[in-house]
């Protein structure tokens, strides 16, 4: 659903000759609200309007274009809220709960991604759930793969941790195999660099 | 006893615009088996569009290629279609929603959500018979011509191509939603569908039972979909159709058997593919619908170990008050059933962990790794075991 709306928006923008809203992400520390990551070079911040369903403060970066790869930073989602915004209130998005265990966070992202790609238009599976430290916070990483009815397959790596009872996630999703592999190492480093900024 | 019911059925059908009580007696196929349209007319153009979409569908990552599942569906199609069997190419598409659709060329889509929702092969056959009737009554062509009367000649195909091009395959959804059948066409397909169903020696009562399932699930849904499946979108008057089909079938074929027994053929298909079918459903996060499906499967006799496991998944992810207890009991029942997915141990272990019942958590995590030593989340489980 969200991807399809994104396609429509991108086509409209392209036809209008106005695809100019991308800004270069500077190498080094970058923040999305209180979520900080250490960026490498070559990433571009997509205009907010291009990321349908994005929460306030979330950011989407890309190297080669949103259809090919994207890095999504979603800062602190409070207890009871969803990782995406559904104004129609019909998408049945799963909500984060502050007492979620790793398997539940994995399922939360998996179900959210089904909605992100379009319910009925995609199947999403997860694998390789593993522990990962994010600064001082204990969290998890896992891999995703998505099959879509009318697009290339996508692969991804997700980092997630809970801090101050809020969920922080960083998603790397890219067309499989070429574009996933192309920036996988760089994205992995960014995900592992994720921390919460407190009192600076 | 049958006369009053027949009169009621006739009255119901007369109430539908363009459909008359005697229509079903005369209603038949408009084209012969092996039909191909003439060159250089609008129908040929329509076929070319559907052929292009079928080529895309063949490449879809969501196409289910499992031979047993495809053979099951194909056998039902052929039994209902009879002499028309070779006219249809059936594509089973991995989509947890309830739908089937038919293109002008005989390209048929069956979504896995339909397989998950029928209680018998007769109900599967009822949906397929309805779709076959759309084909042999040339409803796509009729719809296209009706649209062309409303629009300029070129615009129809421009819109058609635009819809298909924007979304690529668009799962034929773009075309199907563009060529939405009218109420009259749906009623025709219902009537001819019942006839085909009975001719193929399937239970004609399945024609309305399948609607009863749709209505029951819709009532159980906690969150209504903004964009329902095509089947729902083009079949808005479920209750009315269920009602007139029931009256018609009972008047013509008598009362149904008192007890509905799921056939072993369908149970075998469900048991063999249950994990992926239900995982897709669980991922929709639509627990009211999932609960309705599970209740039906439990009543049908789908492998209790599998049904109980997914009850556990549903309760655990729904997480309403009392759900943790229900989920733990469901996982235990799944394990006691003797055929649990390995994840039953893992997720039971996680629930014990949440309750700080560490010994039970360790025991179930250990069992999980014993049953599935290649588990991809071994590192996570070992973290907790340590």
What number, in percent, do you get for the relative contact order of segment B:74-136 if the mean sequence gap of Cα pairs under 8 Å and at least 6 apart is divided by its residue count? 34
Cα-based shape type of segment B:230-386, given that a ≥ b ≥ c are square roots of the gyration tensor eigenvalues and the cut on a/c is 1.5: prolate
Using 7 Å Cα-to-Cβ label points, what is the residue A:125/residue B:370 separation (nm, one decimal)? 2.6
Ordering B:78-85, B:328-335 by per-residue average of other C-beta atoms within 10 angstrom, highest first, gives B:328-335, B:78-85
Roughly how compact is segment B:44-117, stated as its Cα Rg over 2.2 N^0.38 Å to two decimals? 1.08
Inter-part distance where segment A:127-144 and segment B:33-51 are each reduced to a Cα centre, Å: 55
What is the average number of partner chain Cβ atoms found within 10 Å of a Cβ in A:115-125? 6
So what's the gap between the Cα centers of segment B:310-386 and segment B:97-114, to the nearest angstrom? 37
The answer for the per residue Cα convex hull volume of segment B:307-386, in Å³, is 83
Value of Rg to Rh for segment A:115-200 (Rh from inverse mean 1/r over Cα pairs, i.e. Kirkwood): 1.03
Helix-only mean residue ellipticity at 222 nm, chain A, DSSP H runs n ≥ 4 weighted -39,500 (n - 2.57), per residue, nearest 500. What is it? -7500 deg cm²/dmol
Would segment A:53-132 count as rounded, prolate or oblate if I go by the C-alpha gyration tensor, calling it rounded below 1.5 in a/c and otherwise prolate when a/b exceeds b/c, oblate otherwise? rounded
Chain A: relative contact order from alpha carbon pairs under 8 Å, six or more residues apart, as a whole percent, is 21
Out of every Cα-Cα pair in chain A, what percent are more than 25 Å apart? 31
Hey, quick one: spin label on residue B:220, modelled 7 Å out along Cα-Cβ, who in segment B:91-119 has an amide N within reach, i.e. under 17 Å? B:96-99, B:113-119
Modelled label-to-label distance, residue B:298 and residue B:58, 7 Å Cα→beta-carbon offset: nm? 4.5
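Quick note: the coordinates plus some simple rules give every number you see, no bench work behind them. All of these numbers come straight from a predicted model, not from anything done at the bench. Cβ sites come from the backbone with ideal geometry, for glycine too, and all protein chains shown count toward neighbours.
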